[in-house]
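As C-alpha cells, the structure follows; a few thoughts come after it.
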Amino acid sequence: MLTPAQLLSGYARGVFPMAERADDPHLHWFDPPVRGVLPVGKIHASRSLLRDLRRGGWSAHLNTDFDRIVAACADRRETWINAPLRRLYHDLHQAEHAHAIEIRYENQFAGGIFGVTLGSAFFGESMVSARTNGSKMALLWTSRHLARCGFTLFDTQFLTPHLERMGGRDIPRLVYRQHLANALRTDANFRACPLPDSGQIWQEITQTS
C-alpha cells in the first residue's frame with residue numbers, strides 16, 4: 001500500500017501514480033517523456049471567457065470541501081482516480097500537501113480543481129466542470145493564486161487540447177526535472193494569501209494581456 005510519504009517522494013523524483021480505472025485497486029507509476037505545464041499567473045483567457053467573467057456571478061473558494069472536489073473529478077465514465085488514490089489525497093490534504101479550489105456561479109457549484117503541493121510546485125491532478133466554463137475559471141483562479149503565493153511550477157502531467165488553448169505546453173522530461181528541482185529548492189504556501197474576487201481576476205488578466 002502506497003503511503004502519503006512515498007507519494008510525495010515520487011513527485012519529488014518527477015513521477016506520479018495513476019490507476020487504470022476506478023475499480024482497479026492497483027497504482028502504476030508514470031514518467032512520460034514529455035510533461036505538460038501551465039504558465040504560473042499567465043494563463044490565456046479567451047475573449048468569451050473574459051466576457052463571462054466580467055458579467056459577474058463567479059466566485060472561488062479554497063478548501064471548502066476537498067473530498068467533494070476529488071469525488072466530483074472522479075465521477076466520470078473513465079477515471080484514473082481509484083479508492084486508494086482518494087485516500088492518499090485525503091491524507092495529503094490533512095497534512096496540507098493537497099488543496100482544492102471550488103468555483104461557484106451564483107453560489108452554485110460550477111467546477112473545481114485539486115492538486116498536490118511540494119516546495120513551490122503545484123501538481124494539478126484533475127479538474128471538473130459542472131457548468132460551461134467551470135473548469136476554465138478554476139484554471140484562471142488557480143494560476144493567479146499560485147503566482148500570488150510564490151509558486152513557480154504548475155504541472156499538469158499530460159497536455160490536453162483544452163489546456164493547450166489556455167497556454168499549456170509540453171516540455172521534455174529533462175527540462176521538466178530541471179524546473180522541478182528549482183521548485184523544490186523554494187517553499188510556497190497555498191494558504192498564504194486569500195483568493196481574489198472575480199473583479200480582481202479580470203483586472204489582473206486584462207492588465208497583463
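Summary table below
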read-out	value
Selection status of residue 53, touching a residue at least 24 places away in the same chain (Cβ under 8 Å) and closer than 23 Å to residue 192 by Cβ	no
Given (1) in contact with a strand residue (DSSP E or B) (Cβ under 6 Å, 6 or more places away or on another chain); (2) of a type in the set (A, V, I, L, M); (3) in contact (Cβ under 8 Å) with a residue 40 or more places away in the chain, number of the condition residue 100 does not satisfy	(3)
Criterion violated by residue 60 - all others in (1) modelled with pLDDT of 90 or more; (2) outside any helix (DSSP H, G or I); (3) over 22 Å from residue 146 (Cα atoms); (4) of a type in the set (Gly, Ala, Ser) satisfied	(3)
Conditions (1) small (Gly, Ala, Ser); (2) modelled with pLDDT under 95; (3) surrounded by 23 or more Cβ atoms within 10 Å (Cβ to Cβ): number failed by residue 111	(2)
Residue in segment 145-162 that is more than 13 Å from residue 38 (Cα to Cα), modelled with pLDDT of 95 or more, in contact with a Gly (Cβ under 6 Å, 6 or more places away or on another chain) and not in a helix (DSSP H, G or I) present	no
Identity of the residue in segment 35-73, loosely packed, with under 14 Cβ neighbours inside 10 Å and more than 21 Å from residue 98 (Cβ to Cβ), that ends up nearest to the chain's Cα centre (by Cα)	46
Lone qualifier among 156, 152, 117, 206 - being in contact (Cβ under 8 Å) with a residue 60 or more places away in the chain, exposed (fewer than 13 other Cβ atoms within 10 Å of the Cβ) and among the β-branched types (Val, Ile, Thr)	206
Residues of segment 168-203 classified as crowded, with 17+ Cβ neighbours inside 10 Å, assigned to a helix (DSSP H, G or I) and at pLDDT 95 or above, total	4
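The values are calculated or read from the model by the stated rules, or taken from the named source; none is laboratory data. Since we're looking at a predicted model, the values are computed, not measured. Don't worry about glycine lacking a Cβ; one is built from the backbone with ideal geometry, like all the others, and counts go over all protein chains shown.
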